[in-house]
Structures are given as structure tokens and as C-alpha cells.
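I have placed the structure first, in the form of C-alpha cells, so that the comments after it can refer back to it.
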Amino acid sequence: FCATVAARHPDVGVDGACRAATASCAHAPGGLVDGVPVDACDFHLNDTSLARIALGARAPVASQVSKALETWCDRTLRRAPYDADSASVQVRRLCRGTSRPRASIAEAKDIGEALLSKKPAVLRNVVKPFAEDLSRGPDDDATRVVAMAYDRARNAAQQIYSAPMTYGDFLAWSAKPELLDEATLPYGNTTALYLLVTDRHRFQPEASGTLADPNGAAMRDGPLPRLLEEADRASRAVLEGALGESGFDLAWTSLRLGSAYAYPTHVDCYENVIFQLRGRKNVTVYPPATVWDLQPDINHKHWPTGSPQEMARAARDAATVELQPGDALYVPLMWPHSVQSVDASVTSNKYLYLAEGWRGYIDRAKTAPWVVYEMERGGLC
């Protein structure tokens, strides 16, 4: 790091600090400098010394300096054993803010190209819009389902409520929210209802009956398994080739139905491909380095707990795209994102993972700010 800065940007003041920190080497061979053994002046700055120097220097805004810092932090934080107890305050303070690129959403030709990029990418008109009738009559309407209710006005960690009802009532209330009695809703007139249909229980049996898979019991027959199968058929052809080439496997499929809802910013610990099958939806993605502004709650769906000022700062680095029926969006692992339906919306999510080596893949994907956040707050992914 010192060599990079000294060669390319001597004006930032780091080179002099580096030389000053090692000056005593000439006078103390075989002794200690800042707690580091010195043998015949073969001295290398330790982590704490270098972090202190970098923090004290004038802001190195040039991209080459930022890259040097990012590389050093990535190597230092991953050096075993290096956990929250051994990582000095200076190292953590420096590395939590080394990389702050703004999000962008490129257009890709196919899912395989998007997966290789490791960056958000939208694919236009790649999947057949949803043609399935949401209800085929009284038998469908009488099916018992569990909707979820939350406050669409709050992009923050909050209580989410399960709402048992008939499928027919859910469709009616989604189409005309004014039919609901505000006095009976947990968040009054900003309460949003949406229905999650998923086969996650096949991948993670412990999820059945929880908010991660609330309708597992309704997947034996009736409208929900039929809708999920239709969604799977619509997106299968788009994914099949990409999965074989990329090495990813399908973890599970989810289907989300609802109208006029805004789902808070959250983090998925899987590669995520969103297929817009009916209606329109806005998706906002945040670069992983915004983790210190969003401050995802490690215990509650990774929803944000940042202050209004911190949330606003994160929003300045975010990017938003509107999905039309037939579009798909790749949201990379650990990219926070939020969604807002423009009208009655049906969306399918395909969550991808590696059958072997998934834990290592996740760890390699973590940026330095993310690693420091998990050191101090606890694991997210």
C-alpha cells in the first residue's frame, strides 16, 4: 500500500508517514518497532500501524489509492486467525469504508452473462408473461392461505404479521384494498398484504410453516401449487442453459402476489433472479459497501436499522429499474434490494447456489466493509 501511494500519489502524505514509522529501524536492529520484531532492519508495518497511517493521511480519493486500500483490507481481514477480537480498532475503522462504488444496472443478453458479471443486470422480454388465471372458481377461492402483512410506508426492520384467510378474500382485498377495515389492520391504511408461495420446504424442511414458507400446508392441491408450476414453466427455459454453464444449482422457487406493496430493503444470501410475470415492479439495488449505512438487522430478515441520514446516504449509491411483464433481473448475492409494485403484480424468484463449496463462495464474495460489519454485529450470510 505504501509503495503504491508513494509512486502514484505522493501528495496524499502517506509516504512520509510510512518512512517516519520505519525510521527507528536503523537505530534498533533486532529490537521492536511498534510491537513488531525487527531483524537487521527487515521491517514490515504491522496492520495497526498501516491503518493508523492511512487514517491520518489526507483523504486518498484517487481510484488507484482506493484500490490499494481495498486490496490490503481484503487480504488483511481474511488472514487467519483474524476476528473481531484480533482486528484492531484502526483496521476495522479503515476497512469498513474502503470501497464505495455506486450501483448500476446493465442490460444483459442472457442469464449466464449476468451471473458471470457478478453485477445487477436486467434482461428484457425473456420470459412469457403469466397467463394463468389466479382463480378458477369457488373451490380455489375457498382454499385457506396465509398472507403476510407489514407496513409498506417503512423501509425498516419491523414486525411482520401472518394473516390467515381464504384465497378468494386475498385476491379481493389485493384488488381493492379499500374493502379492508383499517381499524383491524396492524399498520392502518399503510398495511400491505402479499402472498408468498414457495417450494422452499423441499430444500429446507425446517422453513415450512414459518414466515419463510408460510403456505407449505396449502401446497398439496388447489391454486397455489398450480400457480407455482406455471411460474416454474415460464422461467425454466431461461435458466436451464445458464445453470449448466455456470455450475449453479436451483435452491428453490418463490412466487409473490400482491398489489400496491413496497417491501423493505433486505439481503438475500443466495444468487437471485427475479422474473416479472404480471404487472410492473420497481426494484432498487444497493452495492454491498452500503452495509454500514443500511445496518441490516442480523435477526430480523436483514431489514435495515440505519438512521434516516444513513439511509439517505445509501440511497445516493443505489440504482432503480422498472420491470415490465416478461423482464428478468439478476440480483447478486449480498446486494441489498427493495421492491415496490406499481400495480397488481405476480413475480417469481429463482434462488441459486452451489451444491459444493457454497460456504467458501459466500465468504469470497464478501467485501471488506461487509466482513467488518459481520465482525462487529454478527453473521448475515
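Odds and ends about this structure:
- If you check Arg152, Arg124 for being touching a residue at least 60 places away in the same chain (Cβ under 8 Å), touching a helix residue (DSSP H, G or I) at 6+ places or on another chain (Cβ under 6 Å) and among the basic types (Lys, Arg), only one passes: Arg152.
- Comparison of Val146, Val126, Val122 shows that the only residue that is among the hydrophobic types (A, V, I, L, M, F, W, C), outside any loop (DSSP other than H, G, I, E, B) and open to solvent by 20 Å² or more (accessible area, probe 1.4 Å) is Val146.
- Selection from the stretch 335-349 of residues that are crowded, with 16+ Cβ neighbours inside 10 Å and in contact with a Lys or Arg (Cβ under 9 Å, 6 or more places away or on another chain): Trp335, Val339, Gln340, Ser341, Ala344, Ser345, Val346, Thr347, Ser348, Asn349
- Test: residue in the stretch 261-276 that is in a loop (DSSP other than H, G, I, E, B), in contact with a helix residue (DSSP H, G or I) (Cβ under 6 Å, 6 or more places away or on another chain) and not aromatic (Phe, Trp, Tyr): no
- From Ser235, Ser254, residue being among the hydroxyl-bearing types (Ser, Thr, Tyr), open to solvent by less than 10 Å² (accessible area, probe 1.4 Å) and over 21 Å from Met334 (Cβ atoms): Ser235
- Among all positions in the stretch 243-254, there is at least one residue which is among the hydroxyl-bearing types (Ser, Thr, Tyr) and within 20 Å of Ala365 (Cα to Cα).
- Residues in the stretch 174-224 that are assigned to a helix (DSSP H, G or I), open to solvent by less than 60 Å² (accessible area, probe 1.4 Å) and under 18 Å from Ala142 (Cβ atoms): Ser174, Ala218, Pro223, Leu224.
- Some residue of the stretch 124-141 being modelled with pLDDT of 90 or more and closer than 30 Å to Thr290 by Cα: yes
- Condition check for Leu227: within 24 Å of Pro129 (Cα to Cα) and part of a helix (DSSP H, G or I): yes
The values are calculated or read from the model by the stated rules, or taken from the named source; none is laboratory data. A quick note: this is a predicted structure, and the numbers were derived from the prediction, not measured. Because the Cβ atoms are built from the backbone with ideal geometry, glycine has one as well, and the counts that use them run over all protein chains shown. We work out accessible area using only protein heavy atoms, side chains counted, and drop any ligands, DNA or RNA first. Shrake-Rupley method; radii C 1.70, N 1.55, O 1.52, S 1.80 Å.
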